[in-house]
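First the structure, in the form of structure tokens, and then the observations on it.
The values are calculated or read from the model by the stated rules, or taken from the named source; none is laboratory data. These numbers come from a predicted model, not from an experiment. Here the Cβ is made from the backbone with ideal geometry for all residues, glycine too, and neighbour counts use every protein chain on show. The protein model used for the area step is the full one, side chains on, heavy atoms only, and it has no ligands, DNA or RNA in it. Shrake-Rupley method; radii C 1.70, N 1.55, O 1.52, S 1.80 Å.
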Amino acid sequence: DWLDDEHYLAIVTSSDDPRGRVVAIPATTSHDQSTWQELVASSSAVLKALALFADGFALAELVNVSLRIRLFRHDGTPEGEIDLPPNSSSPDFTAPPRLQRRSEELLFNHSSFLRQSTLVRYNRATNRLHPIGDPPKELEGLEVEQRFARSKDSTKVPYWIVHRADLD
């Protein structure tokens, strides 16, 4: 996405940094990585997508395989995050069409282990999520637990257990 007339905002990865970082890339010197400005450094999160607002951007990322959406100013200054239900996921993350003026809203599908997928609209001014259409149905009487295992090479591997709430 174009940050302004001269800079492109992108998630970049490399073999040294497979989880990604957000950079502003000048169009005239895009081939020279030394001119790129890092806005969001690499972390333990896996960066998935960006959506631009008039004066900032939203960054969708996976933290222990759960969706987190953080908000930033155009210069990379953090402004908080969207309050999502626990154990969230989103198969897509989209902003209104690029040919329209930038909006202060995001549209994306959202689901969890206990809630069916539904299209939601995030309004930046109110900092709220609003389902589009009928509110999502939630499975009752179930619990979700995230746990971690260690692989042979000691990598921490997240996994989920979904079970009836009345079971230990």
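Worth a mention:
- Label-point gap, in nm, between Asp17 and Glu79 - each point 7 angstrom along Cα→Cβ: 2.3
- Accessible area (Å², 1.4 Å probe, nearest 10) - Lys48: 120
- Taking packing as the residue-averaged number of other Cβ atoms within 10 angstrom, the listed peptides 6-15, 49-58 run from highest to lowest as 49-58, 6-15.
- Taking all pairs of distinct alpha-carbon atoms in the chain, Kirkwood radius in angstrom: 17.8
- Alpha carbon convex hull of region 105-168, projected area averaged over orientations, nm²: 6.7
- Counting 0.36 nm for each residue step from Val144 to Lys156 and taking away their Cα separation leaves a gain of 2.4 nm.
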